[in-house]
Amino acid sequence: MKIETTVRGAPRVIDVEVLDDGTIAVGDGAADRRVRLHRVCGRECWRIVIDDVAIPVRVRATETGADVILGASRVAVKVRRALPIPSRRAAVSDESDRLEVRAPMPGLVVAIPRAVGETVDAGSLVAVVEAMKMHMDVAAPAAGRIEEIRVRPGQEVLGGQVLVAIRVGGQGASKGGGP
Amino acid sequence: MASVRRVLIANRGEIAVRVIRACRDLGLVPIAVYAPSEAGAPHVRLADVALPLPTDEPSAGYLNPRVLVDLARQAGATAIHPGYGFLSENPAFATACEDAGLTFVGPPAAVLARCGDKAAARAAAVASGAPVLPGTPSLERAEAAAQAREIGFPVLIKAAAGGGGKGIHVVRQPADFERAFRLARGEAAAAFGDGRVYLERWLEAPRHIEVQIVADADGGLVHLGERACSLQRRHQKLIEEAPAPAISAGLRARLADAAMRVARELGYRNAGTVEFLVDGDECFFIEVNARLQVEHPVTEAVTGVDLVALQLRVASGEPLPFGQDDVVIRGAAVECRISAEDPHRGFLPSLGVIDGAVDPAGPGIRFDSGVWVGQRVSRHFDPLLAKIIAHAPTRFEAIVRMRRALTECAVSGVDITTPFHRWALDQPDFLAGDYNVRSADAWNDGPSSSDADRVAALIAAAWFAGTASGATLPVDGAPSRWSVEGRAEELR
């Protein structure tokens, strides 16, 4: 998932994925790291292991995120989920075979270059959303057939709002199904 | 120890635990008292008998002589150890104990009374020949300028009837004196209806150094060297060490000599501390703390003397078991006070419930703690939770050990002062031993850096992802819950 953090007014979107082995993959654009987060005691005391270096930290939940105390510093971090895109694993395990593609951030729908019934491949463009003059392409996370379009160009959407729904697999997954 | 067999400890937290341990080492019976909210506290668990106080409110409990004396009688105690704070320096409490046939583990009431009166203590210091800050009685304008020149600049002008900082002026140059003197008199007259002022030498950035003394009832008196306690915030000490770094052998000897003189002049008994301000190679008496001090363990570390056991033995009438020549300082020790305060917001008290704690340990580390999981840190009591003491052959090694201990020490649920300690132990001035009572001001609510910001953002994101997903993150030593669940899913 993508997490938007804000420190001293500076926003930073961080890619976070909790992996099966308990490590957490984090990336802030400048670098990608595997970290482990171990609980030391209570709700607040942790040890974070980054690149084989263990750092004791205290993370105290606040109304808008967390205060992180590491070394001599305390850093107030605003935290929110920015891009709740379902992972491929989530898509496959979805029993209904129906996949909802959501807006990665709050913004304006610029284009939905698809029609209901159309087949798409994994990675095909299904929507374009604009926020703060940035266009973001939204891709189909898996191959399938467009089952439903929930929004139209020009519409304001919230972060995480469903844009289109895809029926996964079977007929729609055939090669050349996309334009 | 005829008179000291069953000891009621009229205190709480880490110091109550400390006294219980000394009782155990001497084969005495420790009796604890506790406020209703403290039933789970370590001092309750470790004592042989634990008696509840009526309320958490200190005035009806830890600060109430009658309640404590009644509990002591009820428990069959023969002595009361007051710890520090609360009633430890209260002459009326010492008298109430003696009247009830209980041995008060501390100086006699008359000595407590003299030490508690600043003017009387200063007079005793002057009479003993110990150096005090140069000052004057209240002055008229005509003589003032000459007196100021005699004391030297900077000089402090204070209202004789004063208090609360009104009418206080620091004058740094002779040229400014006349104007400041007029101003101070005017302010004093307006604020207190009394325009009398007096002068005192002003030290810009003194060091706080104190000498530990112990005296028995037969006139035996020794000092156990000095401690440096200059890192302070709002007159609260944050880090102490023994011996004092970066002072001359001559100054060290003069400090000890002055402390012994003051103790003799006061007819001191039991353990006590004589405090000084040090400016360059000069020292000036400030006051006597007529009790055990929070920072006593650094002296214990470098001398090998158990000060609390010694207090109990001296109180029971035993003579000091060693002489001055037997006191040898070995290595160096540093103490960090772990308090429930927010160092990033002016050291404001941090209240809450402690839901987890990890004690530091290992070579050279002593941890005196009153912390327990489930403890409610309330407004009723002092914020001091615990103390880490690091001892090593050299000062630098002791600091390195302290850094290690600070990374191990963890408390969840309230803010604690360790971020300040970690900062202080990295400051070049501190490492050089060249610091004073103003040095802690440079902390200024803590450092910030773009590196810390960046790492904190990563940590917050990982923490959010880990906890918001509903999964429990792995506990130290236990296999990751995700890997366990992942395997369970594979086997399904």
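The values are calculated or read from the model by the stated rules, or taken from the named source; none is laboratory data. Quick caveat: nothing in here was measured; it's all calculated off a predicted structure. Using ideal geometry, Cβ is built from the backbone for each residue, glycine included, and neighbour counts are taken over all protein chains shown. Accessible surface is based on the protein model in full, side chains and every heavy atom, while ligands, DNA and RNA are left aside. Shrake-Rupley method; radii C 1.70, N 1.55, O 1.52, S 1.80 Å.
Within the stretch B:419-426, identify whether any single residue is modelled with pLDDT of 95 or more, in contact with a Cys (Cβ under 7 Å, 6 or more places away or on another chain) and in a helix (DSSP H, G or I), and answer yes or no. Checked against the condition, which is being modelled with pLDDT of 95 or more, in contact with a Cys (Cβ under 7 Å, 6 or more places away or on another chain) and in a helix (DSSP H, G or I), the stretch B:419-426 yields at least one hit. With a requirement of 1 or more residues that are open to solvent by less than 60 Å² (accessible area, probe 1.4 Å), under 30 Å from A:Glu44 (Cα atoms) and modelled with pLDDT under 85, the strands (runs of 3 or more DSSP E) lying completely within the stretch A:66-170 that satisfy it span A:73-83.
Okay, residues lined up against (1) under 14 Å from B:Thr103 (Cα atoms); (2) open to solvent by less than 20 Å² (accessible area, probe 1.4 Å):
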{"site": "B:Val7", "(1), (2)": "yes, yes"}
{"site": "B:Arg12", "(1), (2)": "no, no"}
{"site": "B:Cys23", "(1), (2)": "no, yes"}
{"site": "B:Leu46", "(1), (2)": "no, no"}
{"site": "B:Val49", "(1), (2)": "no, no"}
{"site": "B:Pro58", "(1), (2)": "no, yes"}
{"site": "B:Asn64", "(1), (2)": "no, no"}
{"site": "B:Leu68", "(1), (2)": "yes, yes"}
{"site": "B:Ala72", "(1), (2)": "yes, yes"}
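When B:Glu408, B:Glu397 are screened for being out of contact with any Leu (no Cβ under 7 Å at 6 or more places or on another chain), charged (D, E, K, R), within 9 Å of another protein chain (Cβ to nearest Cβ) and open to solvent by 10 Å² or more (accessible area, probe 1.4 Å), only B:Glu408 passes. Residues that are touching a residue at least 12 places away in the same chain (Cβ under 8 Å), facing chain B (nearest Cβ under 7 Å), under 20 Å from the mean Cα position of the chain (by Cα) and under 25 Å from B:Asp355 (Cα atoms): does the stretch A:41-52 have at least one? No, the stretch A:41-52 contains no residue that is touching a residue at least 12 places away in the same chain (Cβ under 8 Å), facing chain B (nearest Cβ under 7 Å), under 20 Å from the mean Cα position of the chain (by Cα) and under 25 Å from B:Asp355 (Cα atoms). Among the residues of the stretch B:35-46, at least one is in contact with an Asp or Glu (Cβ under 6 Å, 6 or more places away or on another chain) and outside any helix (DSSP H, G or I). Of all residue pairs spaced 6 or more apart or on separate chains, those with beta-carbon atoms under 8 Å, a first member in the stretch B:343-357 that is within 13 Å of chain A (Cβ to nearest Cβ) and assigned to a helix (DSSP H, G or I) and a second member that is surrounded by 21 or more Cβ atoms within 10 Å (Cβ to Cβ) and among the polar types (S, T, N, Q) are B:Pro343/B:Thr417. Filtering the stretch B:363-394 to residues that are open to solvent by 40 Å² or more (accessible area, probe 1.4 Å) and either within 14 Å of chain A (Cβ to nearest Cβ) or farther than 19 Å from B:Arg227 by Cα (or both) leaves B:Pro363, B:Val373, B:Gly374, B:Arg376, B:Arg379, B:His380, B:Asp382. Scanning the stretch B:454-472 for any residue that is surrounded by fewer than 23 Cβ atoms within 10 Å (Cβ to Cβ), within 8 Å of chain A (Cβ to nearest Cβ), outside any helix (DSSP H, G or I) and at pLDDT 95 or above turns up nothing.
Residues in the stretch B:413-430 that are under 27 Å from A:Asp28 (Cβ atoms) and at the interface with chain A (Cβ under 7 Å from one of its Cβ atoms): B:Pro419, B:Arg422, B:Trp423. Filtered by the rule that a residue be at the interface with another protein chain (Cβ under 9 Å from one of its Cβ atoms), open to solvent by 20 Å² or more (accessible area, probe 1.4 Å) and part of a loop (DSSP other than H, G, I, E, B), the stretch A:8-30 gives A:Arg8, A:Leu19, A:Asp20, A:Asp21, A:Asp28, A:Ala30. The requirement of being touching a residue at least 24 places away in the same chain (Cβ under 8 Å) and of a type in the set (Asp, Glu) is satisfied by A:Glu4. Against the condition part of a loop (DSSP other than H, G, I, E, B) and without any contact (Cβ under 8 Å) to a residue 24 or more places away in the chain, how does B:Thr95 come out, does it pass? When the stated conditions are applied, B:Thr95 does not pass them. Number of residues in the stretch B:342-389 that are aliphatic (A, V, I, L, M) and within 21 Å of B:Pro58 (Cβ to Cβ) equals 9. Restricting the stretch B:431-453 to residues that are under 19 Å from the mean Cα position of the chain (by Cα), in a helix (DSSP H, G or I) and touching a residue at least 40 places away in the same chain (Cβ under 8 Å) leaves a set whose member that is farthest from the other protein chains (Cβ to nearest Cβ) is B:Ser439.
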